[in-house]
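Single-structure report; data block below.
The values are calculated or read from the model by the stated rules, or taken from the named source; none is laboratory data. A quick note: this is a predicted structure, and the numbers were derived from the prediction, not measured. All Cβ positions, even for glycine, are placed from backbone atoms using ideal geometry, and neighbour counts span all protein chains on display.
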Amino acid sequence: MMNIGILNSGGDCPGLNAVIEGVVGAAHYRGWKVIGFYDGFEGLLSTENERRYEELTPQSCRNIRAMGGTILGTVNKGNFAIKVGIGEKGEIEPPVLEKTRETVHRLNLDALVVVGGDGSQSTALLLSEIGLPVVGVPKTIDNDLGATDLTFGFQSAVEVVTESIDRIRTTANSHRRMMVVEVMGRHAGWIALYGGLSAGADVILLPEIPFELDNVVRDIRMRRAAGQREIIVVVSEGAKLGDTVMTLDAETTGEVRLGGIGQFIAKKLEEATEIETRCVVLGHTQRGGAPIAFDRVLGVRFGSAAVGLIERKEFSRMVALRGTEIVSVSIEDAVKSLHRVDPDCQLVCTARDLGVSFGDVASRS
Ligand code: F6P
């Protein structure tokens, strides 16, 4: 009989509930008990008087895999938010670590499952460095976590982008407009690349491929000259203008909030091409709603595999997807570097083959 804790941390993501159901199901199958902590790592600071956790059972979690959001709540700031930039690690205050240790001992936890992205897995690593038995599950719509081919939630976000652009395209076509669609992804262009390719965007601008507005204008003009009514430009929130990433004037977890590039380039492109242009920022629609089937299945697989790691006492490790197989990797390796789009990868080459412009000199629509 084991007692295990589970928490999710950082921005929410479709599929979180599927992971929870996977962990609870696999633990129950082994006769173990599961405690779910509310509001990310903050739940670990619970006291006897203020409990921010509860026991999770197969009954209380039945079919939550179909639900968006997370039944446990989450935060991407607070006492454990240690990520201060790419590859940089902050520190957790010693009293916070002490309280965490106390909670783990008081509840007799044999292991803690941390479901989170690179910031949360960096926190998990710090907890494992003070001797806590931690395993990780990779979460983020951005798909930017190292050592796994995919994070759950990413494909659901791509689905939202695809469906949105399909809708945007019909109105753009009616009005002979250009539409600039800004998508999430932080410093990785996966959502823009997959979403843009799936919805047939004409231009895809990524953080990993530096672009020049002049090249984008050139490629859009060629399309219009060929008689194309609607023009679709997908831009990742982290795409750079020269060396500059555009940010909103607010911060989360000490990291700047990205955004604004869509509006900026929409204006510039409209001026240069004289095509009436609108900007749509898809924002948090990409994180909301029910997970698609792929993420439900990946979520329950990750959850059950995390319980497998605990059974084999393989701590400080994270479950990961390699090809079609679930494997495990060290959390340390997973957070070493961001998983970003390789500008020469097959997917980018396929897009170029289909005439997609990346706004660089190599592009020719
Ligand atoms: O990391 C997931 C993500 O959705 C990013 O794509 C985006 O930049 C960020 O979180 C938004 O964070 P918040 O919910 O704090 O606005």
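Structure values in brief
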quantity	calculated
Subset of segment 128-159 [assigned to a helix (DSSP H, G or I) and surrounded by fewer than 24 Cβ atoms within 10 Å (Cβ to Cβ)]	128, 129, 155, 159
Search result, residues across segment 190-223 that are within 14 Å of the ligand (Cβ to nearest atom), not in a helix (DSSP H, G or I) and not hydrophobic (A, V, I, L, M, F, W, C)	207
Segment 293-308, residues that are charged (D, E, K, R), more than 16 Å from the ligand (Cβ to nearest atom) and out of contact with any Lys or Arg (no Cβ under 8 Å at 6 or more places or on another chain)	301
Residues satisfying the stated conditions in segment 1-26, i.e. among the small types (Gly, Ala, Ser) and in contact with a Pro (Cβ under 9 Å, 6 or more places away or on another chain)	15, 18, 25
Long-range neighbours under 6 Å by Cβ, at least six apart or interchain, first residue touching a residue at least 60 places away in the same chain (Cβ under 8 Å) within segment 1-28, second acidic (Asp, Glu) and buried (at least 24 other Cβ atoms within 10 Å of the Cβ)	14/295; 15/295
Every residue from segment 103-121 that is touching a Pro at 6+ places or on another chain (Cβ under 9 Å) and not in a helix (DSSP H, G or I)	109, 110, 111, 112, 115, 116, 117
Positions within segment 161-171 being within 16 Å of the ligand (Cβ to nearest atom) and either part of a strand (DSSP E or B) or crowded, with 22+ Cβ neighbours inside 10 Å (or both), in sequence order	161
Tally, over segment 5-33, of residues that are part of a loop (DSSP other than H, G, I, E, B) and more than 16 Å from the ligand (Cβ to nearest atom)	3
Some residue of segment 245-256 being of a type in the set (D, E, K, R), in a strand (DSSP E or B), touching a strand residue (DSSP E or B) at 6+ places or on another chain (Cβ under 6 Å) and surrounded by fewer than 21 Cβ atoms within 10 Å (Cβ to Cβ)	no
Every residue from segment 259-292 that is assigned to a helix (DSSP H, G or I), away from the ligand (no atom under 16 Å from the Cβ) and either of a type in the set (D, E, K, R) or in contact with a helix residue (DSSP H, G or I) (Cβ under 9 Å, 6 or more places away or on another chain) (or both)	265, 267, 268, 269, 270, 271, 272, 273
The listed residue being over 19 Å from the mean Cα position of the chain (by Cα) and at negative phi, out of 335, 327, 300, 319	327
Residue check, residue 75 over 29 Å from residue 258 (Cα atoms) and within 21 Å of the chain's Cα centre (by Cα)	no
Check on residue 293, more than 26 Å from residue 348 (Cβ to Cβ), without any contact (Cβ under 8 Å) to a residue 40 or more places away in the chain and aliphatic (A, V, I, L, M)	yes
Residues satisfying the stated conditions in segment 172-189, i.e. in contact with a Lys or Arg (Cβ under 9 Å, 6 or more places away or on another chain), within 14 Å of the ligand (Cβ to nearest atom) and either among the small types (Gly, Ala, Ser) or farther than 15 Å from residue 11 by Cβ (or both)	188, 189
Any hit, segment 170-179, residues being under 21 Å from residue 360 (Cα atoms) and in contact with a helix residue (DSSP H, G or I) (Cβ under 9 Å, 6 or more places away or on another chain)	yes
Residue match in segment 345-365 (condition: over 30 Å from residue 223 (Cβ atoms) and at pLDDT 95 or above)	no
Meets criteria (within 16 Å of the ligand (Cβ to nearest atom) and either part of a helix (DSSP H, G or I) or surrounded by 18 or more Cβ atoms within 10 Å (Cβ to Cβ) (or both)) for residue 100	no
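Matching residues to (1) at pLDDT below 95; (2) more than 22 Å from residue 156 (Cα to Cα):
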position	(1), (2)
39	no, yes
48	yes, yes
59	no, yes
74	no, no
